[in-house]
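J.: Encoded as structure tokens, here's the structure I'll be asking about.
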Amino acid sequence: MNNKLMIPCLYLQSEKAVTGFGQRNLFGDGDVESLTKFYSDNGADELLVFDFSSGDEEHEKAIGRIKDICNAAEIPVIAAGNIRRMEDVKKLIYAGCARTVLNFSKQSNIDLLEEVSKRFGKEKMMVSISAVEEFTSNQELIEAYACGVLALDTVQDSIAQISSIPVILHTDEGRQEPLISLLESPSVGGLSGAFVSSRERDLLAFKEKCKGFNIPVNTFESSIAWSDFKLDRDGLIPVVVQDYKTDQVLMVAYMNEEAFNTTLKSGKMTYWSRSRQELWTKGLTSGHIQYVKSLTLDCDNDTILAKVDQIGAACHTGNRTCFFKPLIKKEYNDTNPLHVFQDVYDVIADRKEHPKEGSYTNYLFDKGIDKILKKVGEECTEIVIAAKNPDKEEIKYEISDFLYHAMVLMVEKGVTWEDITRELARR
């Protein structure tokens, strides 16, 4: 049985997050990126974005903000609202959306589905319906060209009687008991709407409650029992904590069984304080929370490696990491590819921001985009020529030259390595 998904809604208007379909007041301070990050870190499985824009200019700005949302999200983003033509679908997918939703109360969207599904793939297409007739009148089309249905009303059982297509239920119901009853239905593949979108909602706690009703949901489950861990004489295990993006070591702390289980249930790193002899969840007082990305046990079962999303500083001194006091250092070349690419990119970006006389990089920036594109094209050709030569040293040199010029283009166009790696990861 597939896990039931919790999918908060982010309603987007004038580039801000608003409260929903009715009175569209600001949702909190309206900051879409911080709201996206909150959902990603607090138990959401996917994120649904409704675009309330009107007019082409506002719609283009909305797509720009949806790109920002996709960049901030650690979960798949689904885009709905104001999709009128294939170009809209293309821009949303290129912005990073995992799926787009066509509104089947509009004939223009019904007419669009087959074309965009064939162009971008069935797995990227959903349809929204607000009445069962919108499904039954187009059932063959939907099943052939869409991967799921977003139901804006409780019509999922009617659909289930005639189709096995996955249904995500969007509802304003705010009470847990009716929602659990809905999730118990085999026809509901996920929940969206008011309840899961509230910032006051503890989604991980709600998921734990769902598990009590044998509803399959995504939670942190350890593949190795605590009883198999090798503990010190105080019943503790050390935890080495790393930044999940950079692999920077942030701190070392200790867990007992209660801290470990609390970490799994809450999704926030929780430790046992040896000095205070009490449980402590990192960041509850400072706001410097560590959201769990992964926990890995070492070969001897006596140390945990935690990769986390660190909010703010890990160290009580205010430093990002507790490891900031140099003892000895031998000079060496860091050949980690991502470190090297980022370091070179940063130098190029600094040249653009702070020009240096005689710099070839500044020469390219001064000449403009046409010159940069000309050099990128020339370097591509050089790679092709070098590839015909059996000596790999030549192609190594030419690829390095090309990557440098590509990075100049990236800086000129405001594209980062994170943009590139995110796109590659999606593929």
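J.: Could you put ASP419, ASP153, ASP243 in order of accessible surface area, largest first, with the 1.4 Å probe and the full protein assembly present?
T.: Of ASP419, ASP153, ASP243, the descending order of accessible area is ASP153, ASP419, ASP243.
J.: What length, rounded to one decimal in nm, is gained on full extension from GLU60 through to SER286, with 0.36 nm per residue of separation minus their alpha-carbon distance?
T.: Roughly 77.5 nm would be gained on extension.
J.: To continue, here is another question. Cut-off 10 angstrom, C-alpha nodes, Gaussian network model of the chain. Which of ILE372, ILE237, ILE395 fluctuates the most?
T.: ILE395
J.: Based on the Cβ-Cβ distance from PHE213 to TRP417, what FRET efficiency comes out when R0 is 56 Å, to the nearest 0.05?
T.: Computed FRET efficiency for PHE213 and TRP417: 0.80.
J.: Could you tell me which of LEU284, THR416, ILE383 has its Cα farthest along the dipole of the chain towards the positive end, charges placed at Cβ (Lys, Arg +1; Asp, Glu -1), taken about the Cα centre?
T.: LEU284
J.: What is the packing order of peptides 361-368, 401-408, 42-49, taking the mean over residues of other C-beta atoms within 10 Å and listing the highest first?
T.: Put in order of decreasing packing, that is 42-49, 401-408, 361-368.
J.: Could you tally the net charge around GLU208, taking each other residue with its Cβ under 10 Å from the Cβ of GLU208, Lys/Arg +1 and Asp/Glu -1?
T.: +3
J.: Please label the shape of region 192-267 as rounded, prolate or oblate, based on the square roots a ≥ b ≥ c of the eigenvalues of the alpha-carbon gyration tensor (a/c under 1.5 means rounded; beyond that, a/b larger than b/c means prolate, else oblate).
T.: Note, shape of region 192-267 comes out oblate.
J.: Output the pairs from LYS37/LYS67; LYS67/LYS293; LYS265/LYS293; LYS371/LYS413; LYS282/LYS307 with a Cα-Cα distance over 20 Å in this structure; if there are none, say none.
T.: Over 20 Å Cα-Cα: LYS67/LYS293.
J.: Starting from 0.36 nm per residue, how many nanometres of slack lie between SER130 and THR317 once their C-alpha separation is accounted for?
T.: 61.9 nm
J.: What whole number of Å gives the distance from the Cα centroid of region 147-204 to the Cα centroid of region 360-413?
T.: 51 Å
J.: Relative to the Cα centre, what is the charge dipole magnitude of region 93-168, using +1 at the beta carbon of each Lys and Arg, -1 at the beta carbon of each Asp and Glu, and rounding to the nearest 20 debye?
T.: The calculated dipole for region 93-168 is roughly 380 debye.
J.: Please identify every one of the trypsin sites (Lys or Arg not before Pro) in region 114-188 that sits in a loop by DSSP and has no more than 13 other beta carbons within 10 Å of its own beta carbon.
T.: Here the trypsin sites (Lys or Arg not before Pro) that fit, given the DSSP loop and packing criteria, are ARG175.
J.: Could I ask something else about it? Under 4.7 Å Cβ to Cβ, no partner at all: give me those cysteines from the chain, in residue order.
T.: CYS9, CYS70, CYS97, CYS147, CYS210, CYS299, CYS380
J.: By per-residue mean of other Cβ atoms within 10 Å, what is the highest-first order of 326-332, 57-63?
T.: 57-63, 326-332
J.: May I pose another question? Counting other C-beta atoms within 10 Å, and keeping those with at most 15, which DSSP coil trypsin sites (Lys or Arg not before Pro) do you find in region 191-245?
T.: ARG199, LYS230, ARG233, LYS245
J.: Where is the GNM fluctuation largest for the chain (alpha-carbon springs, 10 angstrom cutoff): LEU35, LEU12, LEU26?
T.: Of LEU35, LEU12, LEU26, the Gaussian network model singles out LEU26 as fluctuating most.
J.: Which FRET efficiency value, to the nearest 0.05, do you get for SER227 and LYS367 by plugging their Cβ-Cβ distance into 1/(1 + (r/R0)^6) with R0 = 56 Å?
T.: For SER227 and LYS367, the calculated efficiency is 0.25.
J.: As a test of reading the structure, rank CYS299, CYS70, CYS147 by solvent-accessible area (1.4 Å probe, protein chains only), most first.
T.: CYS299, CYS147, CYS70
J.: List the GluC sites (Glu not before Pro) within region 187-265 that DSSP assigns to loop and that have no more than 16 neighbouring Cβ atoms inside 10 Å.
T.: GLU200, GLU221
J.: On to the next question. If I build a Gaussian network model for the chain, linking alpha-carbon pairs within less than 10 angstrom, which residue out of ASP298, ASP88, ASP391 has the largest mean-square fluctuation?
T.: ASP391
J.: Note the per residue figure in Å³ for the convex hull of the C-alpha positions in the chain.
T.: Enclosed volume per residue, from the Cα hull, is 220 Å³.
J.: Sort 344-355, 263-274 by the packing proxy (mean of other Cβ within 10 Å over each peptide's residues), most packed first.
T.: Order by mean packing, descending: 263-274, 344-355.
J.: Right, another one. What size of dipole, in debye to the nearest 20, comes out for region 1-157 about its Cα centre when the only charges are +1 on Lys and Arg C-beta atoms and -1 on Asp and Glu C-beta atoms?
T.: 240 debye
J.: Oh, and also: Between VAL344 and LYS106, take the C-beta separation as r, use R0 = 45 Å, and let me know the FRET efficiency to the nearest 0.05.
T.: 0.40
J.: Collect residues whose amide H, placed 1.01 Å from N in the peptide plane, falls under 5 Å from the amide H of TYR11; neighbours closer than 5 in sequence don't count.
T.: HN-HN under 5 Å from TYR11: VAL18, PHE50.
J.: Fully extended, how many nm does the chain gain between ASP234 and ASN301 (0.36 nm per residue separation, minus their Cα-Cα distance)?
T.: 22.5 nm
The values are calculated or read from the model by the stated rules, or taken from the named source; none is laboratory data. All of these numbers come straight from a predicted model, not from anything done at the bench. Here the Cβ is made from the backbone with ideal geometry for all residues, glycine too, and neighbour counts use every protein chain on show. Calculation scope for accessible area: heavy atoms of the full protein, side chains included, ligands and nucleic acids excluded. Shrake-Rupley method; radii C 1.70, N 1.55, O 1.52, S 1.80 Å.
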